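The next block holds one structure in the form of structure tokens; read it before the comments.
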Amino acid sequence: MPPTDASTGTPFGDGEDTLDLRLPEEFVAQFAGARLAEALDDLLDHVSTWGPIPTPVGRFQLVPVRVEHDLPLIKRWMNDPVVAPFWELAGPHNETESHLRAQLDGDGRSTPCLGVLDGTPMSYWEIYRADLDPLARHYPARPHDTGLHLLIGGAADRGRGLGSALLRAVADLVLDRRPACARVIAEPDLRNTPSVAAFLSAGFRYAAEVDLPGKRAALMIRDRVLRGLM
């Protein structure tokens, strides 16, 4: 069954699995040659320059992953039995490393980051262009839609509201640093009810259920025009 809009019941698309998504031809034509190279370097408006922000739970910063330095920590988080069923990156170093390097060596449409709270790395994030991602085959994407993936690393940091506070802060950070972006998108696994609840508490609205390769997901959206109301 194709995914449908939660409020209208209107089908969102054909629901086909997509393993790859090329940049739209009109995008490539617009930024041919040197302009394309510059655009690819700036697909996410340079996450590394966004800097630290105050949040209700402390001072927070997204720091792009350095594989040689950060891999052991991220690997340990991915092998947590609570995390493993949803990220599916448990196992030896090469599982997590391949996942990280695919983003770091790509065209810039996804940036893996550590979330550093008051100087301590405590979460893993992926900031990505949802409109240029395979996800765009499964929902009505708009230009510059920006997606979030979040993993709270330590068990002691889960279940006490940190995820909701940081999701709200990072979604607002995206909207502040990416003026062309009108919506922040997330697609947590429907089985991961704490994650879905955290997005709702962070001001995201539930838009639809979508069938993605490997999971049935809740499409969550934080709209720029509603950020002051939710």
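Annotation note: of 131, 70, 42, the sole residue that is at pLDDT 95 or above, closer than 22 Å to residue 182 by Cα, of a type in the set (Asp, Glu) and under 20 Å from the mean Cα position of the chain (by Cα) is 131. A count restricted to segment 148-169 and to residues that are within 19 Å of residue 218 (Cβ to Cβ), in a helix (DSSP H, G or I), free of Cβ contacts under 8 Å to residues at least 40 places away in the same chain and among the aliphatic types (A, V, I, L, M) stands at 1. Close Cβ contacts (under 9 Å, 6 or more residues apart or on different chains) running from residues in segment 208-230 that are free of Cβ contacts under 8 Å to residues at least 24 places away in the same chain to residues that are open to solvent by less than 20 Å² (accessible area, probe 1.4 Å) and assigned to a loop (DSSP other than H, G, I, E, B) comprise 226/203; 229/203. Take the residues in segment 87-96 that are surrounded by 16 or more Cβ atoms within 10 Å (Cβ to Cβ) and touching a residue at least 24 places away in the same chain (Cβ under 8 Å), then tell me which one is nearest to residue 194 (Cα to Cα). Looking at the filtered set, the residue picked out is 87. Is it the case that segment 91-103 has a residue that's under 17 Å from residue 187 (Cβ atoms) and among the hydroxyl-bearing types (Ser, Thr, Tyr)? Within segment 91-103, none of the residues are under 17 Å from residue 187 (Cβ atoms) and among the hydroxyl-bearing types (Ser, Thr, Tyr). Among the residues of segment 83-103, those identified as touching a helix residue (DSSP H, G or I) at 6+ places or on another chain (Cβ under 7 Å) and under 23 Å from residue 43 (Cα atoms) are 97, 100, 101. For the subset of segment 184-207 comprising residues that are among the polar types (S, T, N, Q) and either on the phi > 0 side of the Ramachandran plot or in contact (Cβ under 8 Å) with a residue 24 or more places away in the chain (or both), which member is surrounded by the most Cβ atoms within 10 Å (Cβ to Cβ)? Looking at the filtered set, the residue picked out is 195. Exactly one residue out of 211, 176, 189 is acidic (Asp, Glu), over 15 Å from the mean Cα position of the chain (by Cα) and over 26 Å from residue 228 (Cα atoms), and it is 211. If you go through segment 120-147 and keep only what is assigned to a strand (DSSP E or B) and more than 20 Å from residue 195 (Cα to Cα), you end up with 120, 129.
As for segment 175-192, it holds at least one residue that is assigned to a strand (DSSP E or B), of a type in the set (Asp, Glu) and within 21 Å of residue 110 (Cα to Cα). Filtered by the rule that a residue be within 27 Å of residue 55 (Cβ to Cβ), among the charged types (D, E, K, R) and out of contact with any Lys or Arg (no Cβ under 9 Å at 6 or more places or on another chain), segment 111-145 gives a lone residue, 126.
Could we say that residue 172 is part of a helix (DSSP H, G or I), open to solvent by 10 Å² or more (accessible area, probe 1.4 Å) and touching a residue at least 40 places away in the same chain (Cβ under 8 Å) here? Spelling it out, residue 172 is indeed part of a helix (DSSP H, G or I), open to solvent by 10 Å² or more (accessible area, probe 1.4 Å) and touching a residue at least 40 places away in the same chain (Cβ under 8 Å).
Residue 7 meets all of the listed conditions (1) at pLDDT 50 or above; (2) in contact with a strand residue (DSSP E or B) (Cβ under 9 Å, 6 or more places away or on another chain) but one, namely (1).
The values are calculated or read from the model by the stated rules, or taken from the named source; none is laboratory data. In this text, all values refer to a predicted model and were calculated from it rather than measured experimentally. Positions of Cβ are generated from backbone atoms using ideal geometry, with glycine treated the same way; all protein chains shown enter the neighbour counts. These accessible areas exclude ligands, DNA and RNA; they are computed on the full protein's heavy atoms, side chains included. Shrake-Rupley method; radii C 1.70, N 1.55, O 1.52, S 1.80 Å.
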